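The structure appears below as structure tokens.
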Amino acid sequence: MITIALVGKPNVGKSSLFNRLARERIAITSDVSGTTRDVQSRIIDIDNRECKIIDTGGLDESNLLFEQVKSKSLQSAQKADIILYLVDGKMYPDEEDKKLFHSLAKLKKPIALVVNKIDNDKETERAWEFGSFGAEVLLPISVSHNRGTVALKQWLLQYLPEPKKELDLKEDEDDFLEDFIQESEEEIKEQEDPTINVGIIGRVNVGKSSLLNALVGEDRAVVSDIAGTTIDPVDEGMVYKQKSLQFVDTAGLRRRGKIEGIERYALNRTKSVLERTDIALLVLDASEPFRELDERIAGMVEKFELGCIIVLNKWDKAHKDFKNSIEEVRDRFKFLSYAPIITVSALSKKRVPKILDKILEVYENYSRRISTSKLNALLKETTIRHPIPSDRGKLVKIYFATQFDTCPPRIALAMNRPKALHFSYKRYLINQLREAFSLEGTPVILIPRKRGESEEEES
């Protein structure tokens with residue numbers, strides 16, 4: 001697939017153009033120089049032709065962090081098939097920009113100099129001042145006013161493969177296919193192997209970006225000791241044991257009083273990521289005591305009903321031994337008692353592969369479907385062994401149970417007095433289900449309801 005890299009200095013509009021071409025607000029945009037720090041990518045469609053677009057961080061060397069950002073941006077440009085070098089049309093041509101553009105032009109790839117912020121016809125003349133760059137292709141545009149983007153897409157199209165032609169089917173062939181699809185729809189759904197979406201969450205500087213790099217086997221995210229380095233969620237996919245995994249390294253979260261500027265966007269973006277996540281890797285720093293903020297972040301896992309793996313990172317610098325560390329985790333994160341714990345060192349990659357195996361195990365449990373007959377057999381045995389407490393002297397009965405959804409498993413309990421089922425007995429039932437059906441790593445949702453009510457009515 002053809003890859004297009006958006007390159008340029010900070011605050012020239014790369015992320016805005018990325019969002020415009022993707023027709024979706026993906027990258028965070030702001031007037032703060034250096035908002036984009038990690039490489040964002042998305043498969044997009046230009047006139048029915050698929051390609052991959054990459055939004056890189058600004059080319060700046062003002063501090064150590066932005067030197068890393070610049071390095072990753074240039075690496076992305078070198079790997080891309082097409083380069084769009086953006087400059088700010090409201091500024092005078094910059095010598096450093098010229099040098100960077102010339103160095104990329106030497107790669108002998110299609111490259112265009114895109115002069116952004118040319119908002120009207122009067123400003124078009126300013127764009128031609130950038131002719132001193134010697135670019136063969138110069139495209140004046142205004143992303144915010146959607147000017148010149150059609151010409152930009154037309155230039156890109158000449159390098160994109162022709163769209164595949166649709167098969168010209170005869171009527172009888174078309175009817176056959178329609179019947180076949182209808183008959184096989186359920187079977188196909190069963191055979192589909194979905195992508196497992198994994199969100200990497202935790203407070204700032206616990207090693208989330210290092211963990212992402214270790215998991216995918218390359219320096220995908222910028223790693224720095226500067227708190228709040230990651231702002232945009234960083235997506236990266238891989239295939240492991242024939243399963244498709246999509247990782248998202250979310251922005252580090254800090255106490256609300258310390259969330260400033262564009263980090264407010266980051267907090268909201270983290271929540272939106274968790275809404276489409278299956279499994280959360282909750283990253284904790286084993287080299288120092290846990291904090292209240294760790295518990296609050298962990299609470300987001302419970303809120304979004306995600307599968308979960310607790311990752312104790314920086315284990316090579318652990319301030320407690322294994323037994324005491326595990327006890328502390330279980331004591332402070334009681335609501336994640338179902339989550340397995342893995343100790344790792346992301347920087348040295350020690351034990352990181354174990355996370356990949358555990359992700360597959362947890363997702364299998366997260367998407368597990370239990371037959372009604374097995375559920376009710378367990379329920380009968382469980383309630384005989386430990387009867388349900390009465391409700392002010394009145395008998396409380398569970399007539400039957402049925403699972404009505406997965407990811408996570410949701411089980412309806414048809415009862416005579418659903419409101420009388422105490423949370424402690426519900427927890428007892430969940431523990432029995434975990435033990436009987438291997439449900440490590442996933443929440444189990446029990447919904448007591450009056451017999452005759454639908455699951456939707458109760459929930």
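Odds and ends about this structure:
- Scanning the range 372-382 finds no residues that are within 23 Å of the chain's Cα centre (by Cα), surrounded by fewer than 18 Cβ atoms within 10 Å (Cβ to Cβ) and without any contact (Cβ under 8 Å) to a residue 60 or more places away in the chain.
- Unique residue being of a type in the set (K, R), outside the structural domain of I279 (by TED's automatic domain parsing) and within 20 Å of L336 (Cα to Cα) when the list is K450, K426: K426
- Search result, residues across the range 88-134 that are acidic (D, E), assigned to a helix (DSSP H, G or I) and in contact (Cβ under 8 Å) with a residue 60 or more places away in the chain: E96, D97
- Residues (within 26 Å of Y159 (Cα to Cα) and surrounded by fewer than 17 Cβ atoms within 10 Å (Cβ to Cβ)) located in the range 99-123: K99, H102, S103, K106, L107, K108, K109
- Those residues of the range 301-320 which are surrounded by fewer than 20 Cβ atoms within 10 Å (Cβ to Cβ) and under 12 Å from F333 (Cα atoms), in sequence order: E302
- Residues that are in a loop (DSSP other than H, G, I, E, B) and among the charged types (D, E, K, R) were ranked within the range 267-278; the one that is farthest from L336 (Cα to Cα) is R276.
- Set L395, L375, L379: member being among the hydrophobic types (A, V, I, L, M, F, W, C) and within 30 Å of T277 (Cα to Cα): L375
- Extreme residue, surrounded by the fewest Cβ atoms within 10 Å (Cβ to Cβ), among residues of the range 389-407 that are among the small types (G, A, S) and out of contact with any Ser or Thr (no Cβ under 8 Å at 6 or more places or on another chain): G393
- Filtering the range 321-341 to residues that are loosely packed, with under 14 Cβ neighbours inside 10 Å and of a type outside the set (F, W, Y) leaves D321, K323, N324, E327, D331, K334, S337.
- Of note, L378 does not satisfy the criterion of being within 18 Å of P448 (Cα to Cα), touching a strand residue (DSSP E or B) at 6+ places or on another chain (Cβ under 9 Å) and outside any helix (DSSP H, G or I).
- Yes/no for K380 being of a type in the set (K, R) and assigned by TED's automatic domain parsing to the domain that holds L281: no
- Looking across K52, K90, one residue alone is modelled with pLDDT of 85 or more, surrounded by fewer than 17 Cβ atoms within 10 Å (Cβ to Cβ), charged (D, E, K, R) and within 21 Å of the chain's Cα centre (by Cα). It is K52.
The values are calculated or read from the model by the stated rules, or taken from the named source; none is laboratory data. Not measured: the values here are computed from a predicted model. Backbone-built Cβ (ideal geometry, glycine too); neighbour counts: all protein chains shown.
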